[in-house]
Amino acid sequence: MARVTRRKFLQASSAGLAGILAARQAPAFAQGTALGWLRWSDFVPASDQLLRNEILAEAQKALGIKVTLETVNANDIQPRVTSAVQSGTGPDIIMTLSNWPQLYADSTVDVTDIVEKLDKDQGGIYETNVAVARVGKRWAAVPWATVGFLIAYRKSWFDQIGVSAFPDTWEKYREAGKKLKANGHPLGQTLGHTFGDAPAFCYPYLWSWGGREVDEGKVVLDSKATLESVRFMTGFWKEAHDEGGLAWDDTNNNRAFLSGEISATLNGASIYVEALRKPEQYKTEKGTPLKDDIQHAALPKGPGGRFSYHLPISHMVMKYSKNAKAAKDFLVWLQLKPMFEKWFVSQKGYSVAATKEWEKHPMWQQDPIMLPFRSATATGRMLGYSGPPDKRAAEVLSRYIIIDLYAKAVQGMKPEEAVRWASGELRKIYSQV
Amino acid sequence: MSSIAPAHQRKRLGGSHWTGIAENERILALALLAPAVVILSTFIAYPFVMAIWFALTSIRVGDPGEFIGLANFAKAWHDSIFQTAFKNTVFYTSWATIFKLTLGMCLALLLNRHFRLKRIVRASMLLPFIIPTVLSTFAWRWMFDPTFSVVNWLLYRTGFITNRLPFLSDGDWAMWCAILVNTWRGMPFFAITLLAGLQTINPDLHEAAALDGANAWHRFWHVTWPLLLPVTLVVVVFSVIQTFSDFQLIYVLTGGGPANSTHLVATYAYQLGVGAGLLGEGAAISLFMFPVLFAVVWIQLRYLRRIEGA
């Protein structure tokens, strides 16, 4: 893999920087510039190590910018953004998940110039990444990647109950789950207040029954389709799921699956990637490596179709940053192909790139188990459907209303009441100017 | 004091100017009060005033918003999650305080007796209170883990249960677990304060009551309890304030879940204000705590004054 030198970077990134190139040194602003970069603690720890140990050191050599990477639990990013914006000080670059850039657009630097170049250079940006990071005509964040969500399941346990192909409808999945739970291997799914797995399950589940939040600006959640989805879920949960899932965050299902407690769970590829990394540690009850018993499948379909929601990741350059220019240059450099490739490969398919060109990368040919993730993001819908994933949709997510719609029902609230409650909450949010 | 030595002698004693200032009681009082006033103004009064201002505006993260009067309060009042959180807060505070008081009193009465290793037991009793809340709550969270709970494992292994108990995954269970952890953590504060109160009670009173034929319960109810009441009320006031505005314990243990069933006013205010960036709404919700706590403090202190006056 080619090393990106300062010269190559400057040549590639902007002709306007030719003068700086001629001076044969890092741009004056960048010399000694320090940037703070806040990201989540990656579910693929090798990628955080790569960033810390290799990529940031190269950035310092190539750009003269010292970047300090801070990683936190993803659920703690939003509170950090709030405190940073309100106090006017904090990390220069902040990673965001989902449609959060819509909430913070007023506090970010316009990055339209670098996103447009990225779009042009790397085969176009996926629609979902565009929808979350662009606010009106301006880009509030630079699309980085998307975490694909598929069901990871134990092939041998499904075979044991006579299910050789993964169930393609909710009814079939429920029947399989019933048998698996009877065998001591329930399905695992969080319905807790957490950023990833909970919305990645609940929203597509709602859509697959034909339910949706809004239509032409009007809240339409209280539909027959939504009600049917809730009714089905109450039985499905008790019969097939590990009911502890109500208290799970995004890490519990990983631990439960890797320790052989659950047979299937909607997740990013982190379970498989971890099993792959430590085949000696994670084994089946027969003593064979767990990785060889894991398969991936899309969420089943319902009467309304088959849908998915994947988690877009973007980077915001904060308006309060005194080094916004350096931050933008760092992001340009980071997403140049040779640099991005290192990170992309380290993810082993856990994240797909925000741009389409990376679908062609040879990494996808290395492991057929990961192949379903390659084009997963192309089929995803976004929050707030069929409205835009704007700040109101982000607020619905921040209040976990769609997740609680199901969590309340499985805890005993009447389905009609749960739907009425969630619709009422949505109406309050969407009636705001 | 200033009349003791004439001015010229004071000068000889050294630091004429400063001694003069130090001996002026008004200035000394101001100087001693100043640090407390500065700290309270900076960390209590300023945030409180800002919270009131935020609550009256439509401020969101990165958007200063505009003055909207009491709209945030009205919105919170009609918000079903806020209503749940408020009820939860009252429930949580009431039961946790009752348990802390009852168990703390029992513990104090036990520790007031003479036994071997008394000092070590008294000191170790304070451990839950000393350990940072976040750390101890994390330990409890692991003990109540939906999948790997050591309590479930133990009960299952000893044959008491066949299915896991839903410690944190059932709304009611989760609330009682939170009350249990709060009681575990807060009980030592009650016990040590009540113990201090117990030790001020003259043993002669108990002896006299015993001679008059009072049994243990009568001695507690007619001698100990009335004499301990002022201390008890003070400790209950402190505890109610802390429990009603509790945040850390719920944030770490349940995050307010499942489905808001353990959300307290403070955790919901945080979720909206800091998590979702709706600072105005978050501030309005947090301010709902103020009148309740003010009323509790006022009633209890009034009662206390009446007892002292009697």
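Just so it is clear, none of the values below were taken in a lab; they were calculated from the coordinates. This is a predicted model, so every value here is computed, not measured. Quick reminder, even Gly has a Cβ in these numbers, built from the backbone with ideal geometry, and neighbours come from all protein chains shown.
Summary table below
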{"read-out": "Crossing angle, helix A:197-208 versus chain A [Cα axis fit, 0-90 degrees, rounded to tens]", "value": "60 degrees"}
{"read-out": "Global geometry of the range B:80-309, whether rounded, prolate or oblate, following the gyration tensor of its Cα atoms and the 1.5 cut on a/c", "value": "oblate"}
{"read-out": "Proxy reagent accessibility, fewest Cβ within 10 Å first, across B:Thr162, B:Thr267", "value": "B:Thr162, B:Thr267"}
{"read-out": "Inter-chain shielding of B:257-266 (mean C-beta neighbours from other protein chains, 10 Å cut-off)", "value": "6"}
{"read-out": "Cα gyration tensor category, rounded, prolate or oblate, for the protein assembly as shown with a/c compared to 1.5", "value": "oblate"}
{"read-out": "Entries of A:Lys61/A:Lys356; A:Lys408/B:Lys87; A:Lys181/A:Lys278; A:Lys117/A:Lys328 with Cα pairs more than 20 Å apart", "value": "A:Lys61/A:Lys356; A:Lys181/A:Lys278"}
{"read-out": "Hits among aspartates and glutamates - C-alpha to C-alpha of A:Lys120 under 12 Å, sequence gap 8 or more where chains match", "value": "A:Glu357"}
{"read-out": "All lysines inside 23 Å of B:Lys118 as judged from Cα atoms, apart from same-chain residues fewer than 8 positions distant", "value": "B:Lys100"}
{"read-out": "Per-residue [θ]222 nm for the protein assembly as shown (sum of -39500 (n - 2.57) over DSSP H runs n ≥ 4, rounded to 500)", "value": "-16000 deg cm²/dmol"}
{"read-out": "Relative exposure of A:Cys202, B:Cys177, judged by other C-beta atoms within 10 Å (fewest first)", "value": "B:Cys177, A:Cys202"}
{"read-out": "Relative contact order of the range B:161-310, pairs being alpha-carbon contacts under 8 Å that are 6 or more residues apart, as %", "value": "23 percent"}
{"read-out": "Relative contact order (%) - criterion: Cα under 8 Å, at least six apart; region: chain A", "value": "25 percent"}
{"read-out": "Charged-residue dipole, Cβ positions (Lys, Arg, Asp, Glu), the protein assembly as shown about Cα centre, Debye nearest 20", "value": "1280 debye"}
{"read-out": "Electrostatic dipole magnitude of the range A:98-245 [Cβ: Lys, Arg +1; Asp, Glu -1; Cα centre; debye, to 20]", "value": "440 debye"}
{"read-out": "Average Cα contact separation per residue, chain B, under 8 Å, 6 or more apart, as relative contact order %", "value": "26 percent"}
{"read-out": "Check: the range B:80-309 dipole with +1 on Lys, Arg Cβ and -1 on Asp, Glu Cβ, in debye", "value": "480 debye"}
{"read-out": "Number of partner chain Cβ atoms within 10 Å, mean per residue of B:165-172", "value": "5"}
{"read-out": "Among B:Trp95, B:Asn202, B:Trp173 the positive-end extreme of the charge dipole of the range B:80-309 (Cβ point charges)", "value": "B:Asn202"}
{"read-out": "Average other protein chain Cβ within 10 Å of Cβ, residues A:402-414", "value": "3"}
{"read-out": "Kyte-Doolittle mean at least -0.5 and Cα axial length at least 20 Å: DSSP H helices in chain B", "value": "B:25-40, B:80-111, B:171-198, B:225-244, B:289-309"}
{"read-out": "Integer Hz, Karplus 6.51/-1.76/1.60 couplings in order for the range A:135-143, x for Gly and Pro", "value": "10, x, 9, 10, 8, 8, 8, 9, x"}
